[in-house]
Amino acid sequence: MVLDSGTQSYEQHRNALSASPQCGQARKKFSQHNGLRLYSYLSPSPSADSAPAHLGQGPKTLTKPKCTKASGARPEVRRLSETCPACPSPCSWMRRSESTCTVNSSGRARAQIRSAASLPHIARPKAELLSIGRRSPCLLVALRPLNVEEEREKFFQSCYTYDPQFEYEEPVPTAVLEKYRDASDQFITQATGIIHAVLEKYGTYENFEVATGGRQLSKSQIWSIIRKYMQKEGCAGEVVVQLTEDLLSQAVMMVENSRPTLVINLAGARQYWMEGMLRHEIGTHYIRGVNNARQPWHSAEGRKRYGLKPANPTEEGLASLHSVLFRKQPFLWRAALLYYTVHQASRMSFSALFQHLERYAQDARVRWEYCVRAKRGQTDTSQPGCFSKDQVYLDGILRILRHRKTIDFRLLAALGKVSYEDTEELKKFGALEKARIPHFMRDLERYRQQLEHIMVTNRLNQEELEQLLPD
């Protein structure tokens, strides 16, 4: 394994905002950090008792992608579930409803990027994107405010009373806003139950994070965990890994220069949460993506031919469950709070929503990000309204838990980007001989025990789920 320490600059553009309700003058903080890339010169050789013979092996040759500099502005993104003609075909195996596609200054697709299970950040558009031809933007491009940084400063300077007036590069497509206009309350009881369970035990989310996340990891400790995990999955050398402090989410997955790349936030890399993040990104999204590429339904035409249901909410629900799998206290806090925030946003202004969330998160910066996610697409955020897509995480979690005793989880992983509802019908058509299975699914008895532990910890009731989701 070779670590490339070539400098990759990540400029910080963060406001030094107080976590308390008191308002102060917001100031930007700038610094630089080296980003590291992880490469492997050798594929692992799993032992007979630890890895099935059909697991694919990583390449034995070292190909080092160019080290490009990333500006302080977070990369511009495009959603792959929408039409994105610029996306190159080699990236198609990473496509799912939460995936996006980055565009560089030449207007050509450079990378696919998607947020981790934790609160996804809102990136600021790059200036060079404004010069690109007036092609209809993909979803996340259209929904990202151009003036998010300026509006954030105004908001904090107003002591949280100002409602941001967001501007967009192009008018947000009406069809998109209509699709995600209405928030669901189907699982609001479960969402609030999860949130209150955490607060009853820990008092605040910040206390929960400190108590259950463990200590912050050093770079060397992070690399050690990554190496071991990649070997467990038999994919050493297949995924480029970078470390940075420029992300507000825990991790971001992208395809850059035709190589899958995982960017990890150093600030969010905690002792007991790191492997869960890798199970989410590598063990779920990456492995299901690789398996999907071999299936006859890997293309949009193939999915239509086989009559497949959308991959979500199964895809994100499964990945979110894997994030907390094997934790002593596997609370589904983030998925629950995202669901709840969207629901409240549909009834509140931005400033009212921000004040309302203080009971759950004292850190003002965290609340800002939740509110922007829930209010994206709006111009005048003084009006009630939401963008409901982030409810998919809890929705998917609960549907999978509802059917946890009957789902064939290995088959669900092997068939690729498919819904659990399609697995029985597709298994006779699937290419399963060389399918990869996440290492944590090899002991299915233990895996299912962990799902039961998640049910109990989050106070979820099987009878209630059956009533909410009848067959």
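Distance between the pseudo-spin-label points of V210 and T192 (7 Å out from Cα toward the beta carbon): 2.9 nm. Rounded, prolate or oblate: pick one for the range 264-316, where a ≥ b ≥ c are the square roots of the eigenvalues of its C-alpha gyration tensor, a/c under 1.5 means rounded, and failing that, prolate if a/b is larger than b/c, else oblate. Prolate shape, in that a/c is at least 1.5 and a/b is the bigger ratio.
Size of the range 223-315 from its Cα atoms: along the principal axes, largest to smallest, the extents are 44, 27, 26 Å.
Eigenvalues of the alpha-carbon gyration tensor of the range 198-269, scaled by 5 and square-rooted, set the equivalent ellipsoid semi-axes at 28, 14, 11 angstrom, largest first.
A short reminder: the numbers here are calculations on the coordinates, not readings from a lab. Just so we're clear, the structure is a prediction, and the values are computed from it rather than from any experiment. Glycine also receives a Cβ, built like all others from the backbone with ideal geometry; neighbour counts cover every protein chain displayed.
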